[in-house]
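The values are calculated or read from the model by the stated rules, or taken from the named source; none is laboratory data. For clarity, every value in this text was computed on a predicted model and none was experimentally measured. Here the Cβ is made from the backbone with ideal geometry for all residues, glycine too, and neighbour counts use every protein chain on show. Ligands, DNA and RNA are excluded from the accessible area calculation, which covers all protein heavy atoms including side chains. Shrake-Rupley method; radii C 1.70, N 1.55, O 1.52, S 1.80 Å.
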Amino acid sequence: YRAFIFTLTFFLYASFHLSRKPISIVKGELHKHCAASHEVELSSYREYAAQIQHVKKPSNASQCGWEPFDKNNYKQLLGALDYSFLCAYAIGMYLSGIIGERLPIRYYLTVGMLASGLFTAMFGLGYFYNIHNLWFYIMAQIANGLVQTTGWPSVVTCIGNWFGKGRRGLIMGIWNSHTSVGNILGSLIAAYWVSTCWGLSFVMPGVIIAVMGIFCFLFLIEHPKDISCSSTPSSVSEYIFYSDFCLLIYSENCTASQNSSSAVTGEGRHGTSAISFLGALRIPGVIEFSLCLLFAKLVSYTFLFWLPLYITNVEHLDAKRAGDLSTLFDVGGIFGGILAGLISDRLEKRASTCGMMLLLAAPTLYMFSAVSKMGLEATVVMLLISGALVNGPYALITTAVSADLGTHKSLKGNARALSTVTAIIDGTGSVGAALGPLLAGLISPSGWNNVFYMLMVADACALLVSL
């Protein structure tokens, strides 16, 4: 069952990130450089688009991309799309944890995934229905940002229910690679259609996350108690140790239920009420790690949303090749998350592990900005290293740290805090995730070097908070 839940939740949340990635890939298609050397290629593209899309009018076609993103202020407009999604995500996350603590995870997550599939596909429908209204795309991003907040608190609560603290850093470091796997798959899927029919770059991920939502409804098991109940009454709980993980089995009469309406972490499901928002804030470490994640996630999401466009501008590659190359950053992120979890388990110091990686990340970002202009081979190496150091602390805080704090000893037996704590930490981090791409859109017209300086300052702030 543990292996099954580990695998299922891995792919459930990978589908969330798969559906977030297309916007960064399609940016290079929404706005194109209007160089004379590209006129033939653009003309051929318009002819092809007219053939496959009879509803489009040739008069609406733009040599500089897709209206309204074909203007000179396209970076600000594309930044507004990112900000709309991430701001809605940040605001919704604070509410999501509180709601998720009081509803069955399986139903809550299923509804969120189906709605996310709808709004992800909605953005792509703008291509097929020839929509050029900026507010249509912004509203699609806002709606998608709100419903995607159902994902993270739910899957972290579920995985926290099934795995104890023994090697939580390593287990969750491996599990958290779903973020990078989702980004990689999302990049490859979106890049496949970006140059011919970018609407499908959103529709197909939308279909995938909706299908995964159905799998969630059919197969997700929220807690071990839903399938393992002792038939012998007893006043004492039994601890069964298996593979260094502690699983608490309740020795009481109960009925196996797939529809349990409470979220727990391993100490108890009955007799305690869900923790309040202020109560969760009073848990030692919640505020500090939340602020650290704010700056760490600012850096990570700036790469998530702007890296393909940066590669397009610096390496002079088309949107598809830039999207494929950007996946190396996420490959590095997989190793970074696992390494951070392993080190933190050995040292038993989560904050120190984050601090070490953040200390190395700032100079690495400076090197990346300088080396990426020297050629493709140097860019590949720096993408892998930067991905590991940037995503390592981010992965550790959002998984093992959140699970640790949600089961903190100060709760004195009230285990119904994991979803709320996770939402507070990730919600605060999402504020940084909203600010990063917005600042990148505002700063990048003055030069990409200034964007990297901003990222280095953010890493330094994260390091100071972790210290």
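Brief remarks follow.
- Restricted to the stretch 63-85, and to residues there that are among the aromatic types (Phe, Trp, Tyr) and assigned to a helix (DSSP H, G or I), the residue that is nearest to the chain's Cα centre (by Cα) is Phe85.
- Filtered by the rule that a residue be surrounded by fewer than 24 Cβ atoms within 10 Å (Cβ to Cβ), in contact with a Gly (Cβ under 9 Å, 6 or more places away or on another chain) and of a type outside the set (Phe, Trp, Tyr), the stretch 276-285 gives a lone residue, Ile283.
Results for (1) under 23 Å from Leu77 (Cα atoms); (2) at pLDDT 80 or above, shown as yes or no for each residue.
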site: Ala263; (1), (2): no, no
site: Gly266; (1), (2): no, no
site: Gly279; (1), (2): no, no
site: Arg282; (1), (2): no, yes
site: Phe289; (1), (2): no, yes
site: Val299; (1), (2): yes, yes
site: Thr312; (1), (2): yes, yes
site: Lys320; (1), (2): yes, no
site: Asp324; (1), (2): no, yes
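- Options Gly145, Gly151, Gly164, Gly112; residue that is modelled with pLDDT under 90 and either of a type outside the set (S, T, N, Q) or open to solvent by less than 30 Å² (accessible area, probe 1.4 Å) (or both): Gly164
- Among the residues of the stretch 327-360, the one identified as among the hydroxyl-bearing types (Ser, Thr, Tyr) and surrounded by fewer than 20 Cβ atoms within 10 Å (Cβ to Cβ) is Ser352.
- The set of residues in the stretch 189-207 being part of a helix (DSSP H, G or I) and modelled with pLDDT of 90 or more consists of Ile189, Ala190, Tyr192, Trp193, Leu200, Ser201, Phe202, Val203, Met204, Pro205, Gly206, Val207.
- Qualifying residue in the stretch 378-390 (condition: open to solvent by 50 Å² or more (accessible area, probe 1.4 Å), assigned to a helix (DSSP H, G or I) and at pLDDT 90 or above): yes
Per-residue answers, yes or no, for (1) open to solvent by less than 20 Å² (accessible area, probe 1.4 Å); (2) under 18 Å from the mean Cα position of the chain (by Cα); (3) at pLDDT 90 or above; (4) of a type in the set (Gly, Ala, Ser):
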{"position": "Ile397", "(1), (2), (3), (4)": "yes, yes, no, no"}
{"position": "Gly447", "(1), (2), (3), (4)": "no, no, no, yes"}
{"position": "Met454", "(1), (2), (3), (4)": "no, no, yes, no"}
{"position": "Ala458", "(1), (2), (3), (4)": "yes, no, yes, yes"}
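- Looking only at the stretch 128-138, and only at residues there that are in contact (Cβ under 8 Å) with a residue 40 or more places away in the chain and part of a helix (DSSP H, G or I), the one that is most open to solvent (accessible area, probe 1.4 Å): Phe128
- Number of the exception - His54 against (1) open to solvent by less than 50 Å² (accessible area, probe 1.4 Å); (2) at pLDDT below 50: (1)
- Test: Lys409 is within 23 Å of Pro153 (Cβ to Cβ) and either at pLDDT below 80 or of a type outside the set (Gly, Ala, Ser) (or both): yes
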